[in-house]
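First up is the structure itself, then whatever we jot down about it.
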């Protein structure tokens, strides 16, 4: 904000409002990738917004606003998944452990857009939090350098993970049959 010729840095509320305006839709999509239960998605989104507002008291501008928002959002969402895992018996598996099996014996191969998105989201939700974070960042249009800044991994590691995750998700997505996902016990 400009007062005369002196520029005043944005305060916590202004930063939060700016971030909400710029990244609100992306945060809603991110939440969908982390939480399958529709009611709990709202809680997670609210938790992310609260954490964002609180975090802006310490934002010093050493990284971009986008990086800060995604870092906070992914950290909150990952904590949510870990907390959920403690209370539920749902087991997170590695990329190698997700297997798509055929539940429908009919030859129906075309899915409408909604079913395809739901199937992809289901596959993504079965990933470990770090792999989920990487692919969701990629789907939001973040490059390897920005994702590396958010996750703390190297850009080369991010690029490799994206390639592997895309390959695995594509293979699983295009398997014949239904969209039921099972965990390989190993």
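Readers should treat all values here as calculations from the given coordinates under stated rules, not as data from a laboratory. The model shown is predicted, which means the values in this text are computed figures rather than measured ones. Every residue, glycine as well, gets a Cβ built from its backbone with ideal geometry; the counts of neighbours run over all protein chains shown.
Laid out as a table, the results:
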| read-out | value |
| --- | --- |
| Sorted by Cβ density within 10 Å, fewest first, the residues 49, 74 | 49, 74 |
| Sorted by Cβ density within 10 Å, fewest first, the residues 126, 119 | 119, 126 |
| Residue 175-residue 29 pseudo-label distance in nm [points 7 Å out on the Cα-to-Cβ vector] | 2.6 |
| Where labels lie 7 Å past Cα in the beta-carbon direction, separation of residue 12 and residue 63 in nm | 2.0 |
| Sorted by Cβ neighbour density within 10 Å, fewest at the top, the residues 67, 160, 151 | 160, 67, 151 |
| Pairwise label distance in nanometres, residue 164 with residue 41, each label 7 Å out on the Cα-Cβ vector | 2.9 |
